[in-house]
Structures are given as C-alpha cells and as structure tokens.
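This report refers to the structure that appears directly beneath it.
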Amino acid sequence: MSQRYYEDVNVDDEIEPVEKLPTTDMAIDFFGRDNPTNPAFADAEAGKRMGIGGALVPGLLKLSWLCQYTSDWAGPEGKVRSVRAAYRRPDVADRPLLLSGRVVEKRQEDGKNLVEVEVVTIADGQPSVRGNIQVELPGRS
Amino acid sequence: MADQQSLITDEHRALVGKKSDPVRVTVKAEDASRMRDVIGDSDARYVDGTGIAPPYTLAAIGGGRAGMAPMILPNAILTQQEWRFSRPFKIGEELDAVSQVIDIRDRLGGRYGYSILAMTSTDYYDLAGEHVAAVLMTVTQFDPKGIQERGDS
C-alpha cells in the first residue's frame, strides 16, 4: 500500500478496480458463526423465498469491502471519515463483484485535505451498490 | 397498488425521534480480527497488537439499533447505510450507543411494490462523552408477494 497525497489527486482520477467473490461462508464468518444473522445469508432457498434468487450477500460485507478498497487507495496515512451507500440491487453469493471508484471532489476544510470518492460494486454488468466515501489525505508539505 | 392503504399507524409514528437509553458496547479484538480475515485486509494499522480496529468493525458493534423500528411487513432488507467516524476505534474500549428511529414512511412502486422505509441511527460516544462514530441506516420492509417480476434478482 503506497501513500497518496492530496496534491497528487485530481477530480476524475479513477481507482483501479478490484474483484471480490462473496461466498456464503464469508457472509457467516463476517458476522461470526455464533451470532444470529439473516438466514438468507447462508441459505439460497431462504434467499429465493425473499425473491432474491439465491443466498444474499450482506450489505455490510460489501460496505466493508468498499471501505477497505478506498482506504487502501488512500494509503497508510489516509483516514476514512465517512461512508455512504445505497444498495440498489441485492447481490447473490458466488457471483463476482467488481469494486471501482472515482474521485469526484477534493477540498480543504478546517486545515484538512478532504477527498470524496464515488464507489460502486458491479455484478453481472449492473451496479448493485453505489456510494460515496470521504477520506482525509496528508499533504506533501 | 394505487389504492394501497398505509400500514403505518400513529403508534408507529410516535416512535420517531425517541432516543434510547445508552447501551454499553465494547470494541472486541475478536470481531476486528475475524472481519479483517474475511475482508482480506492486510493494512498494518489494524493488525493484532496495534490496538486499533478497522473502521468497518462498526458493522459488528451493534448497540440496540436492531428492533427499534417496528416490523410492519414480513421481510426486511438493508437499502441505505451511512457511517461517520470522528476518530479510530480502540480495541477493548467501551462505548455508549444511543439509538433512535429517524423516520418511518411508505413507498409505493419500485422493486418491492408497497414497502415501508424505516430509518434508524446510532451514535457512539466514549466514556468521556466524546463522539466516536455514527451509523445511519435505512431498511426497506416488504412482502415478497409484492416483488415485481423484473427478472433481475
């Protein structure tokens, strides 16, 4: 993970996409095997009964991936300040998810270097989660 | 569905804006470690021994938000989420979580047909009363019988 500096970031910069493969095991392990979760995370039939078409990928797992994706891009001195996401379509386990991002704003506020990144997960060519993540980056000076 | 009557009652509406009593929660090392493993996060800031939990540990912290909004329809799915961080989480620290129902409203049309949007929030404070993080989430309640056949699920 390399450090990204505020001065080197431009609006419309794109973050290199990353592919993830969510599984039902990941969904269960993410929350802990002893913790109750939505049955549809582990059971494709339960997901189908909800009208989803298979085991449901937890929104919080996807949000966490997006958070990590942006944090990795920002580098070890970058700080994630906020994450906002809209879950537009349910994702089904065992189908690849592509994470991508683009810088949409940069500004200095109260002495902080703030960068807004628009992030999206894409499954089967369609966006499933859209969000904005605000990170604070160090400056070079 | 145009003549669908709202299932939200005055009793439901009366829940909006009421804050919960603080619920004491702990940032657990095992949660942070397990979630890092699942996510595949190798960020050196959060490895065991640093005492710092990654931001997404918030997904495991809870704090009484679940169950605050009434379940009016049989199924629910998370549709919007916001996390805000005032500072990093420290492993082992105790936080007081204060939750509230922000809004309950009907929605007609869309993927779920008649649905109900329930928005809740939780603010987390350290034991000195300083704000640490906040969660805002919208859950869409729906009846599977109302899902429109769009072939995209």
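Within 14 Å of chain A (Cβ to nearest Cβ) and either within 24 Å of B:VAL23 (Cβ to Cβ) or more than 12 Å from the chain's Cα centre (by Cα) (or both): does that describe B:GLU82? Spelling it out, B:GLU82 is indeed within 14 Å of chain A (Cβ to nearest Cβ) and either within 24 Å of B:VAL23 (Cβ to Cβ) or more than 12 Å from the chain's Cα centre (by Cα) (or both). Within the stretch A:116-141, the only residue that satisfies the criterion of being among the basic types (Lys, Arg) and over 16 Å from the mean Cα position of the chain (by Cα) is A:ARG140. Inspection of the stretch B:126-138 finds no residue satisfying the criterion of being within 30 Å of A:ARG49 (Cα to Cα) and either small (Gly, Ala, Ser) or modelled with pLDDT under 90 (or both). Listed by position, the strands (runs of 3 or more DSSP E) contained in the stretch A:27-141 that have at least 2 residues being at the interface with chain B (Cβ under 7 Å from one of its Cβ atoms) and not aromatic (Phe, Trp, Tyr) are A:79-87.
The values are calculated or read from the model by the stated rules, or taken from the named source; none is laboratory data. A quick note: this is a predicted structure, and the numbers were derived from the prediction, not measured. Glycine gets a Cβ as well: all are built from the backbone with ideal geometry, and neighbour counts include every protein chain shown.
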